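**Q** Below is one structure. I have some questions about it.
The values are calculated or read from the model by the stated rules, or taken from the named source; none is laboratory data. Keep in mind that this is a model prediction, so the values were computed, not measured. Virtual Cβ from ideal backbone geometry, glycine too; neighbours counted across all protein chains shown.
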Amino acid sequence: MTRRIAVIAGDGIGPEVVEAAIPVIEAATAGARAAESPGAEPIPALEWTRFPWGCDFRHETGRMMPDDALDRLADFDAIFLGAVGRPDVPDHVSVWELILPIRQAFGQYVNLRPMRLLPGVATPLAGRTPADLDMVCVRENSEGEYAGLGGRYDEGTPDERAEQTGLFTRRGIERVARYAFELAASRPRRLLASATKSNAMQHAMVLWDEVVAEVAADFPDVEWRPYHVDALAARMVTHPHTLDVIVASNLFGDILTDLGAALTGSLGLAPGANLNPEGSHPSMFEPIHGSAPDIAGRGIANPVGAIQAGALMLDHMGLHAAATRLQAAVESVLAEGRVRTPDLGGEASTVEMAEAVTARL
C-alpha cells in the first residue's frame, strides 16, 4: 500500500526546500510506522514522482507545464509544490500557466493557511507569545477576484483601460464558509471572523455577507462576526489573541495570510494547503514563501515551510500519527533555538535545518 505524491519543485528556492523536506517527511512516516501498535492498519509507504515543470520548462517548451499535465496529475494522492516564478518570466504568466490551472481544475477551493507563532521564534509584535497568536485562514481558492475575468482594451492609447472582474457565486461562498465554520467548531475557542468590504463592494461582498450569515445559522456554538478587511488586518496586529479562524475571499485571504506569516516570525516558516475537501481530485501542498530568487542557489532558504506543508499533506492523506510526529519535531527544534537559518537570525543551511528536524524525529 502506497500514497503516490507528485512533486513539482519549480523555480528558485523551490527545489532546495522540497529536496530537503522530502527526507524529513519520509523519516516521520517511517517513525510512525515503527511505533504503530500490533494489529493497527499499516501506515503506507510514500512514492514520489518528480515533474520538471516551471520556468526552465517554459523556456524550453513555451509552457510552464505540458498540455497533458492535469491528466498526469489526476491519478496522484497529493501534489507537493516548491515554488513558481523567476524575474525573467512575468508573475502573472507563471501563476496562470501552472498554479491556478491546478487549483481550478482539481476543485481545490479551500486554501488553508495556519498562522501560528511557534515556540522559540520571535515575532515583530512586542510582548506577544505563542498563546497570543494562533490563527488559521480559510481562503476561497477558486473564484472571487482571481477568476480571470476581464481584459485590457485600447492598449497603447490615451483611453487604455483594464477591467478585472471578480466572480462570486452562492455555491462558492457557501462551501468555503461551511468548511471554515466546521473548522472553527472543532477548535477550542470556536471563533470565526469573516473578511468583507461590503461597505464599498456593494454587490460581491454583500452576497458574501448574506451567505456567510446563512451558514452561521447552522453553527450556533461558533461565535462569529464580519470585519471589514482593513479593520481585520489592523486587528491581526493589535489584537491577534482575539482571532482564531478567518474566512476570506481569494484576494483578501491572499493578503491577510502573508501578513499573518510575517507576524509569526518569517515567511520561511509558513505552510499552505490547496484542498479538494471531497477528495475527488488531489490536493496540493506548498510553502508560501515564493521562489525568492535573491537567495536561490545559496543553500540558506528555510525548509520549515516546506516541512510543515508536508505535515499538512500527511494529515490530509490520513497519516495523522506521522503528521503529529513531524510537527512536534519542528517545534522542538525551533524551541531549542540551536539550529536556525538566516531568516531566523542564525547561520544554518537549508540542509542543516532539515537534518536537525530529522535528528529530532
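**Q** Counting only residues that are assigned to a loop (DSSP other than H, G, I, E, B) and among the aromatic types (Phe, Trp, Tyr), how many does the stretch 31-87 have? Working first, answer last.
**A** In the first step, residues of the stretch 31-87 are kept if they are assigned to a loop (DSSP other than H, G, I, E, B); the result is 36-44, 51-54, 62-68, 74-77, 84-85, 87.
If we keep only those that are among the aromatic types (Phe, Trp, Tyr) too, we end up with 51, 53, 76.
Residues meeting the conditions: 3.
**Q** Are any of the residues in the stretch 57-77 surrounded by fewer than 17 Cβ atoms within 10 Å (Cβ to Cβ) and among the hydrophobic types (A, V, I, L, M, F, W, C)? So that I can check it myself, show each step before the final result.
**A** Step one: filter the stretch 57-77 for residues surrounded by fewer than 17 Cβ atoms within 10 Å (Cβ to Cβ), giving 59-63, 66-68, 70-72, 74-75.
Next, only the ones that are among the hydrophobic types (A, V, I, L, M, F, W, C) stay: 70, 74.
Yes, the stretch 57-77 contains at least one residue that is surrounded by fewer than 17 Cβ atoms within 10 Å (Cβ to Cβ) and among the hydrophobic types (A, V, I, L, M, F, W, C).
**Q** Still on this structure, I have one more. Picking from GLU155, GLU163, GLU145, which residue would you name as being out of contact with any His (no Cβ under 6 Å at 6 or more places or on another chain), surrounded by 14 or more Cβ atoms within 10 Å (Cβ to Cβ) and not aromatic (Phe, Trp, Tyr)? Give the derivation first.
**A** Numbers: GLU155 fails: surrounded by 14 or more Cβ atoms within 10 Å (Cβ to Cβ); GLU163 fails: surrounded by 14 or more Cβ atoms within 10 Å (Cβ to Cβ).
Sole residue among the options that is out of contact with any His (no Cβ under 6 Å at 6 or more places or on another chain), surrounded by 14 or more Cβ atoms within 10 Å (Cβ to Cβ) and not aromatic (Phe, Trp, Tyr): GLU145.
**Q** Next question. Cβ-Cβ distance below 6 Å, separation of 6 or more or different chains: which pairs start in the stretch 275-304 with a residue that is on the phi > 0 side of the Ramachandran plot and end on one that is surrounded by fewer than 24 Cβ atoms within 10 Å (Cβ to Cβ) and assigned to a loop (DSSP other than H, G, I, E, B)?
**A** From the stretch 275-304, the pairs are GLY299/SER349.
**Q** So which residues in the stretch 326-339 are touching a residue at least 12 places away in the same chain (Cβ under 8 Å) and either within 22 Å of the chain's Cα centre (by Cα) or not in a loop (DSSP other than H, G, I, E, B) (or both), if there are any at all?
**A** If the condition is that a residue be touching a residue at least 12 places away in the same chain (Cβ under 8 Å) and either within 22 Å of the chain's Cα centre (by Cα) or not in a loop (DSSP other than H, G, I, E, B) (or both), then LEU326, GLN327, ALA329, VAL330, GLU331, SER332, VAL333, LEU334, ALA335, GLU336 are the ones that fit.
**Q** Now a separate question. Here is a list: ILE43, ILE79. Which entry is over 30 Å from LEU344 (Cα atoms), in contact (Cβ under 8 Å) with a residue 12 or more places away in the chain and in the same structural domain as ALA335 (by TED's automatic domain parsing)? Give the derivation first.
**A** On the way: ILE79 fails: over 30 Å from LEU344 (Cα atoms).
Checking each option against the conditions leaves just ILE43.
**Q** Could you tell me which of the residues ALA301, ALA306 is in contact with a strand residue (DSSP E or B) (Cβ under 8 Å, 6 or more places away or on another chain) and at pLDDT 95 or above?
**A** Values: ALA301 fails: in contact with a strand residue (DSSP E or B) (Cβ under 8 Å, 6 or more places away or on another chain).
After applying the criteria, what remains is ALA306.
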